[in-house]
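Here's the structure, in structure tokens; my notes come after.
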Amino acid sequence: MNFNYQYLIILAILLFIVVIVLKANKKDFYIESNKLVNYLGGKENIISMEVNMSRFKVTLNDVSKVNKEAITKLGAKGIVEIDNQLKIILGPNAKNLLKYIDDLKK
């Protein structure tokens, strides 16, 4: 019987380690969305937003307020500027960021 308990204890410890590693690797979208809003010139600068697959499209009042370098450091794979719009390639997390930024703007 002690033999089975040892396996259970080892399994529990391994599961605990896996959970810790997964939580450590999970991105905090709330913090990232706050940073992104600041890098876009603040929530007052954002007119509208939409997501298409991995692209985050945002229409702004003043594009000159945008910190493109900081957005790239945040993880953007590319930024395209057309008039007062930015198309930011963020990857699969774009939808989550849109949701959190929508919540911030309310």
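The values are calculated or read from the model by the stated rules, or taken from the named source; none is laboratory data. Given the structure is predicted, the values throughout are model-derived calculations rather than measurements. Neighbour counts run over all protein chains shown; Cβ positions are idealised from the backbone, glycine included. Accessible surface is based on the protein model in full, side chains and every heavy atom, while ligands, DNA and RNA are left aside. Shrake-Rupley method; radii C 1.70, N 1.55, O 1.52, S 1.80 Å.
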Going down the table (K65/K99; K43/K65; K35/K99; K43/K77), which pairs top 19 Å between alpha carbons? K65/K99; K43/K77
Under a 5 Å amide H to amide H cut-off, with H placed in plane at 1.01 Å, what residues pair with F56 once short-range neighbours are removed? I88, I89, L90
Where a Cα-Cα gap under 12 Å defines reach, which aspartates and glutamates qualify for K68, not counting those fewer than 8 residues away within the same chain? E81
In whole Hz and in residue order, list the ³J(HN,Hα) couplings for the stretch 81-91 that follow from phi through the Karplus curve 6.51 cos²θ - 1.76 cosθ + 1.60, θ = phi - 60°; x for Gly and Pro. 10, 10, 6, 9, 10, 10, 10, 10, 8, 10, x
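Please list the helices of the chain that count as membrane-span-like by this rule: a mean Kyte-Doolittle hydropathy of at least -1.0 together with Cα atoms stretching 27 Å or more along the helix axis, each helix being a complete DSSP H run. If you can, show how the numbers build up before the last one.
Details: long enough: 2-25 (35 Å, 1.78).
The qualifying helices are 2-25.
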Note on the chain: C-alpha Rg/Rh, Kirkwood Rh, two decimals, gives 1.27
Treating only the Cβ of Lys, Arg, Asp and Glu as charged (+1, +1, -1, -1), what charge dipole size does the chain show about its Cα centre? Round to the nearest 20 debye. 160
Whole number in Å², please: accessible area per residue of the chain, 1.4 Å probe, ligands, DNA and RNA not counted. 71
Among S54, L104, G78 - extreme Cα towards positive end, dipole of the chain, charges at beta-carbon: S54
With all protein chains present, how much of the accessible area of the chain (probe radius 1.4 Å) comes from carbon and sulfur, to the nearest whole percent? 59
